[in-house]
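**Q** Got a structure here, written out as structure tokens. Questions coming.
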Amino acid sequence: MTRSRPVVAIDGPVGAGKSTVARRLAEVLGFEYVNTGAMYRAVAVAARAAGISADDPEAERKLDALLKKVRIEFSRGRIMLDGRDISDEIGSPEISECASRLSTLGVVRERMRELQRAAGERGGVVMEGRDIGTAVFPDAEFKFFLDASPEVRAERRWRELNARGVTITREEVLAQLLERDRRDCGRELAPLKPAPDAIIIDASRMSVEEVVKLMAQRVSARGGAA
């Protein structure tokens, strides 16, 4: 479809800094910011409340029914589940792990993809996740794949969790991160990988502002800025 403004897709592994970079880039470009990871975490919150586990043999059927009833929305940068602000609930390691497991299920990815496409179909959005440039918006005008070494990503994630008061060691964070990488890259449905035409950025030794500046320059150079 023809969009009046472009879609900027930012994919990459956990801890690469996608959310921070995408939020800041959206501000610079004057675009909307869509955090697809928050959508999956909202599903995790809803599933846990309903007593549904990814290991349940009936998980797909139960989640299909659940996802037809719940309402997941963004409002002024906050994630809402059936009108309730759950932004402060979705950052825990438990919810993150649950979301990762649920994201391997076809019924979850299909429903989330519908919501994500609806959120960005008119363009003027910066959308970050694991499969935005490959599965959700393969026709995105701008595609970036943001990466960093596992050690750097684990350190960033550990500091983030520590700031929230979560008690966890760097070693535990690194182990969880490597397991997430294995699961994200190895799943059959929309595995984590750069789109063929994505610009790959290794942010191991770059600041957030340096990454944002580089992305903004690429978008502006092709006339994509607001």
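The values are calculated or read from the model by the stated rules, or taken from the named source; none is laboratory data. On a predicted model such as this, the values are computed, not experimentally measured, just so you know. Cβ placement follows ideal geometry from the backbone for every residue including glycine, while neighbour counts extend to all protein chains displayed. Keep in mind that these areas ignore ligands, DNA and RNA; they rest on the heavy atoms of the full protein, side chains included. Shrake-Rupley method; radii C 1.70, N 1.55, O 1.52, S 1.80 Å.
**Q** Just to be sure, is M127 within 14 Å of the chain's Cα centre (by Cα) and either under 18 Å from E32 (Cα atoms) or open to solvent by 10 Å² or more (accessible area, probe 1.4 Å) (or both)?
**A** Values: within 14 Å of the chain's Cα centre (by Cα): yes; either under 18 Å from E32 (Cα atoms) or open to solvent by 10 Å² or more (accessible area, probe 1.4 Å) (or both): yes.
Taking the combined requirement at face value, the residue satisfies it.
**Q** Which of (1) closer than 15 Å to R24 by Cα; (2) open to solvent by 80 Å² or more (accessible area, probe 1.4 Å) is the odd one out, the single condition V208 does not satisfy?
**A** (2)
**Q** Is it true that E188 is open to solvent by 50 Å² or more (accessible area, probe 1.4 Å), acidic (D, E) and either closer than 23 Å to E97 by Cβ or without any contact (Cβ under 8 Å) to a residue 60 or more places away in the chain (or both)?
**A** It is true that E188 is open to solvent by 50 Å² or more (accessible area, probe 1.4 Å), acidic (D, E) and either closer than 23 Å to E97 by Cβ or without any contact (Cβ under 8 Å) to a residue 60 or more places away in the chain (or both).
**Q** Looking only at region 71-86, count every residue that is in a loop (DSSP other than H, G, I, E, B) and crowded, with 17+ Cβ neighbours inside 10 Å and tell me the total. Walk me through how you get there before you give the answer.
**A** The first filter runs over region 71-86 and keeps only residues in a loop (DSSP other than H, G, I, E, B), leaving 71, 76-77, 82-83, 86.
When the remaining residues are screened for being crowded, with 17+ Cβ neighbours inside 10 Å, the result is 86.
Residues meeting the conditions: 1.
**Q** Got a sec? Which of L146, L174 is more than 25 Å from R5 (Cβ to Cβ) and among the aliphatic types (A, V, I, L, M)? Outline the logic, then answer.
**A** Details: L146 fails: more than 25 Å from R5 (Cβ to Cβ).
Among L146, L174, only L174 is more than 25 Å from R5 (Cβ to Cβ) and among the aliphatic types (A, V, I, L, M).
Results for (1) modelled with pLDDT of 95 or more; (2) under 18 Å from T36 (Cβ atoms), shown as yes or no for each residue.
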{"position": "A118", "(1), (2)": "no, yes"}
{"position": "V152", "(1), (2)": "yes, no"}
{"position": "Q176", "(1), (2)": "no, no"}
{"position": "A198", "(1), (2)": "yes, yes"}
{"position": "S204", "(1), (2)": "yes, no"}
{"position": "A225", "(1), (2)": "no, no"}
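**Q** Residues that are closer than 14 Å to G15 by Cα: which strands (runs of 3 or more DSSP E) entirely in region 123-226 hold 3 or more of them? Talk me through it step by step, then tell me what you get.
**A** Details: elements: 125-129, 142-147, 199-202.
Because the criterion is at least 3 residues that are closer than 14 Å to G15 by Cα, the strands (runs of 3 or more DSSP E) in region 123-226 that meet it are 142-147.
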